[in-house]
Amino acid sequence: MQAIISVRGLGKTYASGFQALKRVDLDIRRGEIFALLGPNGAGKTTLISVICGIVNASEGSVLADGHDIVRDYRAARASIGLVPQELSTDAFESVWGTVKFSRGLFGKPPDAAYLEKVLRDLSLWDKKGAQIRTLSGGMKRRVMIAKALSHEPTILFLDEPSAGVDVELRRDMWAMVRSLRERGVTIILTTHYIEEAEEMADRIGVISKGEIVLVEDKAVLMRKLGKKQLTLHLQNSLAAVPPALADQSLALSADGMELVYTFDVQSENTGIAGVLKRLGEHGIDFKDLRTEESSLEEIFVSLVHGAADRNAESRRPAAQELRA
């Protein structure tokens, strides 16, 4: 599938010497919802800011909808809508006025019908005459989205769009995101609500300490890195897993009433049948069972910790040489 954003060798080092991005390579496909995940300080906002032309890169290149963000800045920026984390609007301007002004900034001709549709989709139409200072935090967030959509961008960045938004507004917002994707808008979001990425995204990217750790289709990622667990609710409590079953991936709950068997979802032979047979042979009966699969949050945590461990390992020889 064609890439609408292409990032090559992108680096950003600040005057303090802090390296926020380290030669990032990334392709984002046209028409997808791409979730960029990472802990605080990982480089998510810096990466978005560089692509949107807010921060200058130290090295590398970015194409947005075929336009180089440096050589053809105006065309590149016109294709992008950005909803930043910070709520930055003219507090005394009306909702209609600020959205209309944002459209004009990009040289778009007036289109009251389009702006009305945007405000209605965001449940802002009845607030069109209200000053922004009178709105709740969630409504102000919606105004920021309306501003970002005012010039009809083909790419929409949502940097922590659910921050300060209640559950009902969040649900409406994600319904709007799906409808935008159906109309061909490419959406890149960062979020701390990992369940939203799990529900919404087509692909997941994980960034840690300025480096892209992994980019993968969500379904493939869940299948590759997810683990399944079979939990058996026992008829009678156990003091410990029998030594004869020590070779199985079995864990006993603290109260001795549950056995948990962990298996690989990709394996042709899960081993479940063998485990159940051996439990029966040892007189261990169960009254109920259930299976659970790793969540995206668990996979994300394992990826970030794994990247941190690898970085520490790569630095260890150099530190040893210095000590020598």
| message | Tell me yes or no: at least one residue of segment 37-56 is in the same structural domain as E116 (by TED's automatic domain parsing), surrounded by fewer than 20 Cβ atoms within 10 Å (Cβ to Cβ) and among the aliphatic types (A, V, I, L, M). | response | yes
| message | I'd like the residue in segment 69-99 that is acidic (D, E) and more than 24 Å from D111 (Cβ to Cβ) and, out of all such residues, is farthest from the chain's Cα centre (by Cα). | response | D72
| Taking E258 and the conditions (1) touching a His at 6+ places or on another chain (Cβ under 7 Å); (2) at pLDDT below 85, which numbered condition does it fall short on, given that it satisfies the others? | (2)
| request: Return the only residue of R77, R30 being within 30 Å of G129 (Cα to Cα) and basic (K, R). | output: R77
| message | I'm checking my understanding of the structure. Among residues of segment 241-254 that are within 37 Å of the chain's Cα centre (by Cα) and part of a loop (DSSP other than H, G, I, E, B), which one is nearest to K228 (Cα to Cα)? | response | S249
| request: For segment 73-83, indicate whether the set of residues that are in a strand (DSSP E or B), assigned by TED's automatic domain parsing to the domain that holds I51 and touching a His at 6+ places or on another chain (Cβ under 9 Å) is non-empty. | output: yes
| message | Which residue is surrounded by the fewest Cβ atoms within 10 Å (Cβ to Cβ), if the candidates are limited to segment 8-32 and must be under 15 Å from V213 (Cα atoms) and touching a helix residue (DSSP H, G or I) at 6+ places or on another chain (Cβ under 7 Å)? | response | A20
| request: From the list G104, G17, pick out the single residue that is of a type outside the set (D, E) and farther than 23 Å from V185 by Cα. | output: G17
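The values are calculated or read from the model by the stated rules, or taken from the named source; none is laboratory data. Note that the structure is predicted; figures quoted are calculated from it, not measured. Ideal geometry is used to build each Cβ from the backbone, glycine not excepted, and the neighbour counts take in all protein chains shown.
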